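Q: Structure in structure tokens, see below.
The values are calculated or read from the model by the stated rules, or taken from the named source; none is laboratory data. What you see is a predicted model, and the numbers here were worked out from it, not measured in a lab. Note that each Cβ is placed from the backbone with ideal geometry, even for glycine, and that neighbours are counted across all protein chains shown. Protein only, heavy atoms only, side chains kept; ligands, DNA and RNA dropped before computing areas. Shrake-Rupley method; radii C 1.70, N 1.55, O 1.52, S 1.80 Å.
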Amino acid sequence: MGKFEYAPAPESRDIVSLRESYGLFIGGEFTPGVDDRAFKTISPATEEILAEVTEAGPADVDRAVSAARQAYEHTWSRLPGKERAKYLFRIARIVQEKARELAVLESLDNGKPIRESRDVDIPLVAAHFFYHAGWADKLEYAGYGPAPRPLGVAGQVIPWNFPLLMLAWKIAPALACGNTVVLKPAETTPLTALAFAEICQQADLPPGVVNIVTGAGETGRALVTHPGIDKVAFTGSTEVGKEIARACAPSRKKLTLELGGKAANIVFEDAPVDQAVEGIVNGIFFNQGHVCCAGSRLLVQESVHAEVLAALRRRLETLRLGDPLDKNTDVGAINSAAQLAKIRELSEVGEAEGAQRWSPPCELPVKGFWFPPTVFTGVSQAHRIAREEIFGPVLSVLTFRTPAEAVEKANNTPYGLSAGVWTEKGSLILWMASRLRAGVVWANTFNKFDPASPFGGYKESGYGREGGRHGLEAYLDV
Ligand code: NDP
């Protein structure tokens, strides 16, 4: 079965009005950086320059932390929860009103298909603000004592794979609990965080409650090591997470880390094959595989290996790769040249180590950063593509014979963020879930997120939880 011919259905980008350049958002205003340094953010699908963005230096980070401290002491921590809730509800409503604009902006700056930014990222952003607005006046019922106190100023550093969603995961619980924040978006995807700054203005959020400092790793380092920060929240690579843990260790800063993953998506012989194949595709090709909890290792029971692989190949032949703004697109652009180089390198290593590489016939656009959906079979546990996070649309397939072997192989990783189990036996799901060393175990589904459900890892996938009642703990002095 080949692809149906679809006429192009591009979402118009006219709804987005980009400024030529953006300042930092400090104390409720956009301000220039002290050193007058800037960098450009581009569309990874076309390499077109979208805007120039200010690079915050240590003096700017210092200004932002002072603004957050002022707002914490004089305004935000003094407001009753029900008043904080009103602002969070207002933000959630504005996100919904601007949903189309935010989705287009996210797809432009990140390269992800509009179908995903429109149907997944932005609705979840609004849901996170609604959910935490609900908690703001009920914190005494969260199980952390009768009058849980906020921590103070939170320094938050987020990655480029879900720019606005990661911002929501960080900012919504922090504000609900009475903290103020300084947030640094990733260098390659700053635009929706800056659009969010405008939403804060529109919501009349008191100045300094949310501050956005744009920049690269150095800006992030200046933020997490700033002595005026009480709490650090980081999502990104395990390597940088370890560096931040070392930097915070001698201080009183509270720290949560959400790091990498190498999740096993485990398919048993009694699983409904077509549903499992949808789950495998969603698990690794959603968001080009730029997902920390991606199901990047497929563990398939030996007896159905050939059947599952044949169905998977047929399904992959129907995926459409191309313009992220086209509503028919399934696989968008890789976020940056650097990430593309990393995916290429690890895929070459996979071949060199003896695994068999396969991609569906797929024409890659000439400009921009692209990588076809790729499946490696004949992968052994020792291969680097079975051990390292590729963070791209690359699936490594391994086999197993018994549930015990599946558990052994799934847990044979330094990570422990997520896992998937596909079987029609409820007892087997429970047996597996209690043995898998992963923060989230999905059964007969994958990549399902909900603000009420805590998310986080074991081992080198980090510590602390985001979302749900558990996620509040990270922003309370308990
Ligand atoms: P990083 O961990 O470098 O980036 C995450 C965030 O941290 C970005 O905002 C980054 O800024 C910032 N940062 C970088 N260095 C420091 C530092 N020393 N102190 C404080 N903040 C810092 O991830 P990369 O973007 O470099 O991606 C590299 C690999 O990490 C990927 O290939 C993937 O394997 C993994 N990754 C995992 C993610 C996850 O959710 N688990 C998310 C992103 C990446 P800037 O972007 O400007 O450099």
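Q: Kindly provide the set of residues from segment 37-59 that are open to solvent by 90 Å² or more (accessible area, probe 1.4 Å) and either on the phi > 0 side of the Ramachandran plot or not charged (D, E, K, R) (or both), ordered by number.
A: Ile49, Pro58
Q: Checking the conditions here, which among Thr188, Thr214 is in contact with a Lys or Arg (Cβ under 8 Å, 6 or more places away or on another chain) and either of a type in the set (S, T, N, Q) or modelled with pLDDT of 95 or more (or both)?
A: It is Thr214.
Q: Looking for whichever is open to solvent by 80 Å² or more (accessible area, probe 1.4 Å) and assigned to a loop (DSSP other than H, G, I, E, B) here; the options are Val34, Val16. Which one fits?
A: After applying the criteria, what remains is Val34.
Q: Cβ-Cβ under 6 Å, sequence separation 6+ or interchain: first residue in segment 291-312 and under 13 Å from Val273 (Cα atoms), partner aromatic (Phe, Trp, Tyr) and more than 16 Å from the ligand (Cβ to nearest atom). Which pairs?
A: Going by the 6 Å Cβ cut-off, the qualifying pairs are Gln301/Phe268.
Q: Could I ask something else about it? With the condition kept exactly as written, say whether any residue in segment 392-406 is within 16 Å of the ligand (Cβ to nearest atom), open to solvent by 60 Å² or more (accessible area, probe 1.4 Å) and either more than 30 Å from Lys138 (Cα to Cα) or part of a loop (DSSP other than H, G, I, E, B) (or both).
A: Scanning segment 392-406, I find no residue that is within 16 Å of the ligand (Cβ to nearest atom), open to solvent by 60 Å² or more (accessible area, probe 1.4 Å) and either more than 30 Å from Lys138 (Cα to Cα) or part of a loop (DSSP other than H, G, I, E, B) (or both), so the answer is no.
Q: Taking the options Ala174, Ala142, Ala203, Ala147, name whichever one is surrounded by 23 or more Cβ atoms within 10 Å (Cβ to Cβ) and touching a helix residue (DSSP H, G or I) at 6+ places or on another chain (Cβ under 9 Å).
A: Within the list Ala174, Ala142, Ala203, Ala147, the selection yields Ala174.
Q: A further question on this structure: Just to verify a result, which residue in segment 267-280, among those that are open to solvent by less than 10 Å² (accessible area, probe 1.4 Å) and among the β-branched types (Val, Ile, Thr), is farthest from Trp160 (Cα to Cα)?
A: Applying the filter and picking the extreme gives Val267.
Q: Within the bounds of segment 132-153, is there any residue that is β-branched (Val, Ile, Thr), under 22 Å from Lys253 (Cα atoms) and within 15 Å of the ligand (Cβ to nearest atom)?
A: Taking every residue of segment 132-153 in turn, none turns out to be β-branched (Val, Ile, Thr), under 22 Å from Lys253 (Cα atoms) and within 15 Å of the ligand (Cβ to nearest atom).
Q: What is the one condition in (1) within 11 Å of the ligand (Cβ to nearest atom); (2) open to solvent by less than 10 Å² (accessible area, probe 1.4 Å); (3) not small (Gly, Ala, Ser) that Trp169 does not satisfy?
A: Going through the list (1) within 11 Å of the ligand (Cβ to nearest atom); (2) open to solvent by less than 10 Å² (accessible area, probe 1.4 Å); (3) not small (Gly, Ala, Ser), Trp169 breaks only (2).
Q: Name the single residue, out of those in segment 223-248 being open to solvent by 10 Å² or more (accessible area, probe 1.4 Å) and over 22 Å from the mean Cα position of the chain (by Cα), that is farthest from Val34 (Cα to Cα).
A: If we take residues in segment 223-248 being open to solvent by 10 Å² or more (accessible area, probe 1.4 Å) and over 22 Å from the mean Cα position of the chain (by Cα), then Arg246 is farthest from Val34 (Cα to Cα).
Q: Just one of Lys170, Lys184 is of a type in the set (Lys, Arg), assigned by TED's automatic domain parsing to the domain that holds Arg84 and within 24 Å of Arg37 (Cα to Cα); which is it?
A: From the options Lys170, Lys184, the qualifying one is Lys184.
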